[in-house]
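Comments concern the structure below.
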């Protein structure tokens, strides 16, 4: 079953205080399978938060339709809110309520009976290591603890889909890592569908089963991280380190399947259509060069950041 | 509605009562607003009546007005605060993403509004008896209860309007609350009979339920009520305003969800 299935979602923000209107989403089509971690990547202003807000019913789309766990996004908003939850980076909960009071209050907003609520709070407090801070007001918690509390709050109703808007922003690397591991565990053990936005490519790559790149309100690429890397890089990078005089680039460039050649001091980087097909001929031609001694060969895997940069600068 | 569904609605509603209770308990400023200003208002006006040498009937007229105003002010404050506090905390989206509706929000916060305004009503009545020899309890507990109920019922619409303004203007809606109360002071006969107002303002006064609740209660202190059943009129008008303001709140939330105001208020 599809956790999310939306088609043709458009959203334009009306002009505010002399600023122009913003067409934030331009016909978003999105399908997310249940039990996956789906990441929405994109530069600032791409429409990530707007998309999350539409999917969580906090924002009405101008056009488009869809379902969240089979419930109509436009007509069954109340029912949708029963089965989802959301949190974001720099979380804001009720300032002078303690950890327990915040969780209890949000639990009540979901209509959870007292006994169940208390049991759930105990589990969450233990899972997120918040026991020592049960009675600490939210505004006295560190950023990391606030984020852990926000994540606890977002699980209070046992959601089927958890929406996370930049969940590790502002956290130190150690806490970010523990948040990521917790999310992964929740997904793997409980089958929780997670939709997250992030700027951090390593986070997206570590967590996500699928990734969508959002740019200027449109999804310009979507798929598994590995396939995106392959598909958008248009080939593989092979780098040779050598000792000797400058190389004859024309001979290398003339080979079949060579897309781009770059030479720096004692290294030549070659973009090829497929490394398995071209590596042998490249090595042969380089070895045939007189006075050249090959020192090392690297096959460079593109990372998601390369894909992101490539996509961000590509006109669409 | 099934029992389970009813239980869920009750829990969601009581969440907002709990929220306001915790705010009162933890935020000294809120307690200050509930207790301090009504007492300052009552004492200063009470002393003014002494300075002016008003006869006891006139003192009763004015003090009934100021106590009624305090009840409306405190009653609406809890309803308004339930949203304003979330806006000040930037936590509004977490509440709005939960499966709650306007009824839960208003009914839950009104519970605390009733408790707070009843507390201030009784304290002000007792203090008036002690300091200014105004015996509120002479009218009887039923009349006193009806008077209080009318004021508390009317306070709901004021609170809902402030909530609706909050979904449009954010934290600045607090100014709206002050403005509404100022208009009530001007036109609904708090300090003087509405009959001394110019014709157009008398018409405005006739549209405000507080005018009728004051007429009802002052009639037990020798003032003409002017209407055959001011209490019923007050309740009917309040009910109409509660329905209208609830619709206004619905429109405001809808507008906020169309324009992205909830997201903006949570950033």
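Return the residue satisfying two criteria in turn: it lies in the stretch B:214-267 and is in a loop (DSSP other than H, G, I, E, B) and facing another protein chain (nearest Cβ under 10 Å), and of such residues it is surrounded by the fewest Cβ atoms within 10 Å (Cβ to Cβ). That would be B:267. May I ask you to verify whether residue B:145 is within 16 Å of residue B:80 (Cβ to Cβ) and either in a helix (DSSP H, G or I) or within 14 Å of chain A (Cβ to nearest Cβ) (or both)? Taking the combined requirement at face value, the residue does not satisfy it. Kindly indicate the residue of the stretch A:179-196 that is assigned to a helix (DSSP H, G or I) and under 16 Å from the mean Cα position of the chain (by Cα) and also farthest from residue A:90 (Cα to Cα) among those meeting that condition. If we take residues in the stretch A:179-196 being assigned to a helix (DSSP H, G or I) and under 16 Å from the mean Cα position of the chain (by Cα), then A:187 is farthest from residue A:90 (Cα to Cα).
If we only count strands (runs of 3 or more DSSP E) wholly inside the stretch A:12-75, which ones have 2 or more residues that are out of contact with any helix residue (DSSP H, G or I) (no Cβ under 7 Å at 6 or more places or on another chain), free of Cβ contacts under 8 Å to residues at least 60 places away in the same chain and surrounded by 14 or more Cβ atoms within 10 Å (Cβ to Cβ)?
Counting at least 2 such residues, we get A:22-33, A:63-68.
Let's see how each residue does on (1) within 14 Å of chain A (Cβ to nearest Cβ); (2) closer than 17 Å to residue B:117 by Cα:
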| position | (1), (2) |
| --- | --- |
| B:7 | yes, no |
| B:37 | no, yes |
| B:46 | no, no |
| B:50 | no, no |
| B:63 | no, yes |
| B:76 | no, yes |
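As a summary of the residue check, residue A:284 satisfies the conditions (1) modelled with pLDDT of 80 or more; (2) outside any strand (DSSP E or B); (3) under 24 Å from residue A:43 (Cβ atoms) except for the one numbered (3).
Scanning the stretch A:288-316 for residues that are at pLDDT 80 or above and either in contact with a strand residue (DSSP E or B) (Cβ under 7 Å, 6 or more places away or on another chain) or closer than 25 Å to residue A:215 by Cβ (or both) gives A:292, A:293, A:294, A:295, A:296, A:297, A:298, A:299. Of B:112, B:96, all but one fail to be within 14 Å of another protein chain (Cβ to nearest Cβ), under 18 Å from residue B:169 (Cβ atoms) and in contact (Cβ under 8 Å) with a residue 40 or more places away in the chain; the exception is B:96.
Taken together, A:118, A:229, A:160 contain a single residue that is more than 12 Å from the chain's Cα centre (by Cα), surrounded by fewer than 22 Cβ atoms within 10 Å (Cβ to Cβ) and at pLDDT below 90, which is A:229.
The values are calculated or read from the model by the stated rules, or taken from the named source; none is laboratory data. Because the structure is predicted, anything quoted here is derived from the model rather than measured. As a convention, Cβ positions derive from the backbone with ideal geometry for all residues, glycine included, and neighbour counts pool all protein chains shown.
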